[in-house]
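What follows is a single structure, written as structure tokens, with notes after it.
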Amino acid sequence: MGPPPVVTGISPKEGPPGTRVTIRGEFLGISVTDLIGLKICGCDCLLSAEWKSKNKIVARSGPCKGRGDIIVTTKSGGEGTSTVQFRGYHESVGPMKESAVWVEEAAPPSLPWGRRPMSPTAYTPPDPLGLSTEGDDYKFPEEELHELFPDGSGKLSDENFQPGWYLLEHHSNTSYEDLKAGMVFLQRKVEGQKEGQLSFLKANTGAVMDQLDRLVLLKNMYEEDQRKNGREPLPSLQSAIEESISLADSLFSEILSRKENADKTREALSLLTRHKFLFQLPSSIDKNIKKKEYDLVVNDYTRAKNLFGNTDVKLFQKILAEIDKKIEDLKENLFNRMKTMPINVQEQTKYIRLLISLNWDGDAAWTAILSRKDYLMNLMNKVKEHFKKKEEQESNEKGRRKLRDWECEGSWTATRADWCGAACGALASELHALWPLARRYFAGELAGQPTLPQRHTDLKEMIIAMVESFSEQMRGCLICTGASGGAGAGGAAGVAADVLRARLVANLRHLRDAYDSLLKLDLPSQPLSIVEKVIFDYRVHGMTVFLQRAHKRVKGLSEKETWKIEEFSDYGAITNLPHLLESYVNDALSAIHKCVLRSGRRESPLLAAGGEPLAALQRHTQHTLLAFVAVLRDLTMHHEDQDFNNTSLSVALDQRLEESAVETVSAGRSWQQRLLIAGANAQYTRRRTLANILTAFENYEMPKPLQAIQATKDELSALEDNIAEMYLEHKGDPLVGTIEPSMYMGRHHTDADTLLDDARPYVYEIINNLIAVHAEVDSVCGAASSRYVRDICETVCEELARLAACAPARSRAAAFQARLEYSLLRLAVADHLTRKAENYLMEALAGLPPLDNEEDKKRLDNIIQGFKKRMELQLTSLNCNMETV
């Protein structure tokens with residue numbers, strides 16, 4: 001006995017009944033007759049077994065199910081073992097139907113009439129749940145399915161089939177109730193299949209009976225043959241074959257001779273046909289060229305060269321020379337067609353391949369690349385000239401632009417937007433043709449000869465030159481650098497805001513579309529960075545235009561000031577100027593946020609820390625805010641040289657408050673009132689508007705311009721101080737100037753024995769003048785009016801201290817009178833006295849002799865109490881703001 005068989009490998013490792021299985025191992029038999037048994041998963045498969053060698057057997061699996069060993073039995077080695085297992089399962093053509101047909105693994109032969117058999121993948125099995133998915137166009141993303149089931153599959157026939165995959169792929173929108181119904185349907189189908197082999201035999205009873213009949217017939221024929229010829233039929237078979245051979249030779253000798261003659265005739269006809277092809281080739285070439293069937297020309301020419309290229313027959317040489325001339329003309333024609341633009345890249349590639357097949361002397365592919373480069377450069381220039389000419393014609397027709405300002409003023413026209421779109425489209429389309437052509441060229445697909453190393457550098461420089469030309473043209477088209485407009489604000493000022501935003505967004509979209517198309521080509525980083533820089537600069541340009549537009553609108557606010565009170569705020573009566581400032585800045589920030597702030601694919605952030613755009617944003621914001629301060633300053637200085645000292649102050653105050661229609665300017669408001677309103681506007685802007693602007697920067701995701709805000713606050717504070725000093729100069733100085741003349745009016749001297757019961761008139765004049773000033777200031781500044789009244793009161797107290805020092809009281813009555821007047825003034829302006837003003841009054845009182853007489857003290861108190869009663873309304877008006885009154 002020899003060694004027992006050992007099965008070490010099987011392919012495939014699983015399959016339905018009838019699967020063709022290749023079994024490999026050792027000691028699988030020494031011959032066909034040595035193999036006496038083969039079981040796969042317990043099923044006898046000896047009848048289908050084909051012994052190939054001692055290491056290989058091919059058989060078909062039986063109706064087995066589940067995993068099992070492959071056991072080989074031989075005469076020489078007995079029953080063997082298996083180190084591998086085969087898994088049998090029932091599989092059908094459809095998911096729910098059985099089939100008794102063995103499917104051959106070999107590919108079917110092609111049909112004689114040219115049709116090909118249908119691919120197995122064209123069959124779509126019915127849904128095992130019995131649910132219809134018609135009308136459901138939603139497809140679950142395949143990437144997510146691979147993430148959820150990395151080792152699974154949604155095909156019913158795969159070993160790694162995952163039900164979850166199948167449900168998500170085909171029934172992601174199916175309701176739960178429908179899935180339950182499908183489950184019931186599937187269970188019924190499975191129950192129907194559990195009948196097993198009995199149902200299989202019932203379904204195929206006819207086939208089984210027919211096979212049994214065939215087997216019985218074969219057995220009877222085999223036994224009959226043994227009776228006739230014995231157990232060794234080979235000698236009789238050999239004699240029969242030899243007899244048939246001799247008979248065949250006698251029968252077919254004449255036929256073979258005729259076949260030999262036919263072969264000779266056929267060879268002669270073949271030679272004639274070959275010569276006919278050569279003779280007809282020139283006319284055939286002309287016909288195919290007219291039909292543009294160049295491939296046929298190349299094939300015929302190559303065939304003729306292979307057949308007759310080395311012939312010594314002069315006639316053949318003459319015909320070949322004529323053919324060569326036609327081919328040279330064809331090559332020249334193809335070369336001209338290849339480099340004539342415009343042409344699509346597929347047709348150009350076809351011409352290159354034809355020239356390579358026809359052994360063109362030059363480098364056709366490199367010539368095509370140069371042609372596309374030259375065409376793109378010329379196309380860009382033509383686009384530029386076309387739109388320049390169109391814009392000049394529009395300018396001449398409308399007569400609104402000057403040619404020297406055309407570059408800046410036309411940067412926001414609809415023509416420029418069309419220009420940008422045309423240039424971006426030209427760059428994207430031509431590079432989409434040139435770059436793949438160049439890559440195929442350097443990959444060797446279109447190179448008839450080895451490419452030179454310098455060509456890589458030449459191509460890179462070529463791409464950079466084209467992109468730089470595009471960049472320069474777009475900068476000239478979209479980004480104005482003229483002196484008249486700075487950064488293009490002059491041209492943008494005449495365009496409506498919504499139109500400006502729409503055109504900027506449209507131009508930016510054209511540039512980004514071109515940039516995205518270049519990114520898809522996987523170009524080198526240098527040309528991509530050039531286009532990205534154009535986009536970045538245009539975004540910066542757009543931001544600058546919006547900020548300069550806001551700056552120009554703010555500078556024009558002085559013309560829009562009507563001095564109409566829009567709001568009584570905590571800082572006084574304000575006009576519409578602070579709100580307009582906030583609105584203009586908000587409009588600019590909103591436009592920047594919507595149009596240019598967000599970065600596109602592989603674009604640098606616009607306002608990166610430490611970048612020039614951020615500095616420009618801060619700088620333009622500061623210029624805009626300081627321009628508003630300058631507007632307020634100009635409004636305060638514009639008073640048309642009004643004279644405030646020509647009339648007595650009381651009369652002047654009465655005229656301004658009651659008869660303002662006579663001496664007013666600018667929509668019925670005096671210069672003093674406009675001065676106070678400007679101060680209120682400055683204070684409101686400093687305390688409220690600037691804070692709102694900072695909030696707007698934060699809301700629009702921009703860095704806060706803290707430096708610009710602080711600089712503006714400093715300027716506004718200085719402006720408020722200037723306004724207060726100016727108001728004090730024009731109001732306080734005339735009021736102070738009336739004190740000394742009124743004090744000594746009529747050269748009146750107080751006698752030493754005079755009993756005084758009231759102050760002199762100048763005290764009441766001072767109080768009335770202060771009331772008038774307070775009324776005017778409070779009507780505009782409200783709660784903020786105390787600053788102006790305090791300054792004037794401080795000036796009045798200083799003047800009184802000066803007069804007291806210059807003319808001290810010499811008598812008891814004069815001292816009493818001075819003390820009374822200083823006390824009354826101190827009482828009247830008590831709420832407006834600063835520490836400095838208090839010191840002035842104390843200095844004046846300190847120079848008077850004290851009241852030693854109780855009677856004088858009582859009399860002073862009585863006079864003061866009477867003053868309070870008489871002047872109650874005046875004192876209340878002076879020490880309260882208008883809202884309290």
TODO: Would you tell me the accessible area of Asp522, worked out with a 1.4 angstrom probe on the heavy atoms of the protein chains, in Å² to the nearest 10?
DONE: 110
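By the scheme Lys and Arg +1, Asp and Glu -1, what is the net charge of all other residues having a beta-carbon under 10 Å from that of Arg553?
+3
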TODO: Kindly write out, for the range 536-552 in residue order, the coupling ³J(HN,Hα) from the Karplus curve 6.51 cos²θ - 1.76 cosθ + 1.60 (θ = phi - 60°), rounded to whole Hz, with x marking Gly and Pro.
DONE: 4, 5, 5, 5, 4, 4, x, 4, 5, 4, 5, 5, 5, 5, 4, 4, 5
- [ ] Keeping all protein chains in place, calculate the accessible area per residue for the range 484-620 (probe 1.4 angstrom), answer in Å².
- [x] 42
Open item on the list: Going through the cross-link list Lys331/Lys373; Lys389/Lys560; Lys276/Lys325; Lys731/Lys858; Lys555/Lys704, which pairs have a Cα-Cα distance over 30 Å in this structure?
Closed with: Lys389/Lys560; Lys731/Lys858
Open item on the list: Expected output is a single nm value to one decimal: the length gained when fully extending between Phe185 and Asp721, i.e. 0.36 nm times separation in residues minus the C-alpha distance. What is it?
Closed with: 183.8 nm
Task: Arg619 versus Asp69: modelled label distance in nm, points set 7 Å from Cα along the beta carbon direction - done: 9.0
Task: Amide H contacts under 5 Å for Glu14, placed H, 5+ residues apart - done: Arg87
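Mind ranking 575-582, 839-846, 177-184 by how tightly packed they are, going by the mean number of other C-beta atoms within 10 angstrom, highest first?
Numbers: 575-582: 21.8, 839-846: 17.4, 177-184: 12.9.
So the order, starting with the most tightly packed, is 575-582, 839-846, 177-184.
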Task: Between the range 525-601 and the range 161-186, the Cα center-to-center distance that results, in Å - done: 58
TODO: Can you figure out the FRET efficiency of Ser157 with Ser283, using R₀ = 41 Å and their beta-carbon distance, to the nearest 0.05?
DONE: 0.10
Open item on the list: Given a Förster distance of 51 Å, report the FRET efficiency between Ile241 and Arg87 from their Cβ-Cβ distance, rounded to the nearest 0.05.
Closed with: 0.60
TODO: Just need the relative contact order of the range 490-614 here, percent rounded to a whole number, with Cα pairs under 8 Å and 6+ apart.
DONE: 27
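The values are calculated or read from the model by the stated rules, or taken from the named source; none is laboratory data. Everything quoted here is computed from the prediction, not taken from an experiment. As a convention, Cβ positions derive from the backbone with ideal geometry for all residues, glycine included, and neighbour counts pool all protein chains shown. These accessible areas exclude ligands, DNA and RNA; they are computed on the full protein's heavy atoms, side chains included. Shrake-Rupley method; radii C 1.70, N 1.55, O 1.52, S 1.80 Å.
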